[in-house]
Every structure is written in C-alpha cells, then in structure tokens.
1. Within the range 361-379, can you find the residues that are at negative phi and touching a strand residue (DSSP E or B) at 6+ places or on another chain (Cβ under 7 Å)?
2. Limited to the range 271-297, what total is found for residues that are out of contact with any strand residue (DSSP E or B) (no Cβ under 6 Å at 6 or more places or on another chain), surrounded by 15 or more Cβ atoms within 10 Å (Cβ to Cβ) and more than 20 Å from residue 421 (Cα to Cα)?
3. Check off (1) crowded, with 20+ Cβ neighbours inside 10 Å; (2) under 27 Å from the mean Cα position of the chain (by Cα) for residue 231 and give me the number that stays unchecked.
4. Would you call residue 344 at negative phi and in contact (Cβ under 8 Å) with a residue 40 or more places away in the chain?
5. In this structure, does residue 70 turn out to be without any contact (Cβ under 8 Å) to a residue 60 or more places away in the chain and over 23 Å from residue 165 (Cα atoms)?
6. What number of residues within the range 397-426 are farther than 27 Å from residue 84 by Cβ and touching a residue at least 40 places away in the same chain (Cβ under 8 Å)?
7. If I ask for residues that are within 21 Å of residue 140 (Cβ to Cβ) and not in a strand (DSSP E or B), which ones from the range 75-103 would you list?
8. Is it true that some residue in the range 423-430 is modelled with pLDDT of 90 or more and more than 23 Å from residue 248 (Cα to Cα)?
C-alpha cells in the first residue's frame, strides 16, 4: 500500500508542472481566440438605436433621479410599462419631486395623456403631457451618440456588446454642471438594445432603462369606459367565440365579459377606440385566398360593371380586384392556388422605416404542392386576398420554396397590418358575423 502511495505521489509531482504549463497554454489559446472575435464599430450602436422605431413594441423598467443641485430640487422616479410603436405607451410607478410623492398610472395615446383618477375610479384625458414619455426620453438620452465600443459583456446569459456614449441629460441637468457618462448594452444575437445606463462622476444624477419582451404585443388601449355589443346569431358558439376573444386580446383590449342570449353573444369591454370599422373587421372570417393573377387587357370601367364579362374574358371564376382598393392597381384573379389551410403559422416583421410585413409559413406536407406552384408559375403575378379584399400583388419566386415562407403583404402601416395580422394569426371563422351596439 505504501509503495502505491509513494508511486502516486511521484506521478503527481512529475505531472503537476506539466499540467500547470498546459493550463496556462490553454488559457493563452482561449484569450487569443477571444481576441480574434470581431470588434464591432460604432455603426452597430447607431443601427441598434435606429431599430427602436421599427419594433412592434417592448416592455421596460425605468428609473432616474438626481440629488438637489443648486436651485434644482431632488427628483426620483421608478416606472415600468410597455410601449407600442409608434405612439402608444402605458406606464405605472412612483414619481417623487421636492419631497412630494405621486403615483403614476397612465397611458399616452398619440400624444394625448390619460391618467387614472383613483377617487372617481375613471380615466381622465388631458391634452398636454405632465410626465415624461419614456420612448421620447430614451431617444433624447441617446441623441448625442459618439458611441465607443468597450468590451464584450453578458446580461444574464445573453452575450452583448457594451458601448459607452455621451448622454443628453438636459432633462435632469438643464444647468449642465454634472459630468455624466452613458453605457449601452446591445444583444449580439439580434442587435437590439437591452439596457441603457447613465451616471455622473459624483452621483448627482442617474438614468437607467432596461428592455424585454420585444415585439410581444401589438396594441395599447385606454380602458376608458365599458362598450357593449351584441354578436348576432353566432354559430359553433364556443370555438367561434374563443377565436374572436383571441383577436380582441391581441389588439390590446382586456378579455371581455360575455353573456349568451339565445344565439347571440353580448360582449362588454373597456375600450377607448373600439370603432364600427374595427369591429366589422374583427368579425370577418379572416379567410386567406392566394390566386394566380393576370393583368387586365380590357377597359377597367367595363370590367367593373360586369363580373360576367370578367369571366367571359378571363375564364370561369375569374374576378377583378384592386390592390388595397387603389383603382390604379387592378388585377384579375384567375386561379386559386393556396388558402389558410396551407399555412401552419403567420408572422409579422418590421423594417427600419417602421413598416410592417406579414409572412405565412407553409406546412411541411404542402412542400410538394408549393414546389409545383413555383415550377409552373414562376414570376407570374399573384394576388393575396383576405376577406375578399386584395391586400397585395406580388410575384412567385424561387425563394418561396427555399424559405417555405410566403410574403402575404409588405410595407403596411401599423393600423393597417395589426387588425389583418390578428385575423390570420388566430385562425379563421366559419363565416362573417354582424353586430349591434347595446346600451
């Protein structure tokens, strides 16, 4: 036993220096590999900041404050909420200025402010804003730019680029007597900002905002008052109602109260902007039809007057459409090639200009059918129709087959794309429904 221990000690004694040398060598290799990782330039930060305006929305945690500076009173705020671009914000928290503390529970909708009156138990609208808008504050803080890359860093398990920048803190320091420094963390995987922090040399002021839930919701609406409406003669009561409620919730409204009376469903919902046109849109089937198109060769005014003439000229079942209702963009739908059932999911994306696009992902079992469509009709015009309305005209391309993603429509504004996406995303109804407002 003693000889075995002695032999083991000699082995350890001899191996340890070699092991230590190997570890140092390995560590050196690791550092060299890390050093070879591409260092981002300031354009990465500039692009990340610009992308804020192209998001559908995000949640935020925000805190800022300052000590008493000369005649400026002490200030402190801790706020959380969510933003729906381009012009809707919800925020709640605490605001403390000059020793007076106030609770914040408010919406900002297209520049108008709505504050909750806890005494009266209602939301009150104001034409002028009394609290800072978090989205505008974020842009203001970052407006000076001058970004400099510092290092690779982590927030939780997410790898980030860390940049420093000169912050615009005029909101906190209009006298410009502090010397603040800003830091911006950018997610490496998608280039989105995840955290912004600002502090001054002597801790006279601070400003911090952290982001999460990118693109996780579509709309924000003030629950001003109850609106009640009756959906007439609703079929397949449970499934149809569930689909409709999913659409309503996706559009930013709270789940409505429901009362069933015979074949009707009465829904009660707190809403600011629940208009007739929006309700009519929500209550449509959400039926997607994709047609091979043909450019009209005959006078449009004649084709508009007679659907029979359209079919005589372009074949049985042919129909005249106008892209997005624009009379200068006519197309004849001559053959249906796909519908809702060909897709397993719909996605909405956005670009740097804040325009939205909707894509449909083809089911795996539809791959052969899609291949035949691409081969037979490549670069033919195609018209996308939802609820008998042409949302876009495009062309059949090879990348449909490569990506198995088809662009349903592109370049829409938020108010155009979100109701459309709500119908496609949450499934289609058995038929269109009518409604009437209830007292």
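The values are calculated or read from the model by the stated rules, or taken from the named source; none is laboratory data. Since this is a predicted model, take the numbers as computed values, not measurements. Cβ coordinates were reconstructed from backbone atoms using ideal geometry, including for glycine residues, and neighbour counts include every protein chain displayed.
1. Taking the range 361-379 first, the residues at negative phi are 361-378.
361, 362, 363, 370, 373, 377 - these are the residues of the range 361-379 that are at negative phi and touching a strand residue (DSSP E or B) at 6+ places or on another chain (Cβ under 7 Å).
2. 1
3. Result: residue 231 fails condition (2) only.
4. Numbers: at negative phi: yes; in contact (Cβ under 8 Å) with a residue 40 or more places away in the chain: no.
For residue 344, the condition - at negative phi and in contact (Cβ under 8 Å) with a residue 40 or more places away in the chain - is not met.
5. Values: without any contact (Cβ under 8 Å) to a residue 60 or more places away in the chain: no; over 23 Å from residue 165 (Cα atoms): yes.
The answer is no for residue 70.
6. Filtering the range 397-426 for residues farther than 27 Å from residue 84 by Cβ gives 397-404.
With touching a residue at least 40 places away in the same chain (Cβ under 8 Å) added as a condition, the list becomes 404.
Of the residues in the range 397-426, 1 are farther than 27 Å from residue 84 by Cβ and touching a residue at least 40 places away in the same chain (Cβ under 8 Å).
7. Across the range 75-103, the qualifying residues are 85, 86, 87.
8. No: the range 423-430 contains no residue that is modelled with pLDDT of 90 or more and more than 23 Å from residue 248 (Cα to Cα).
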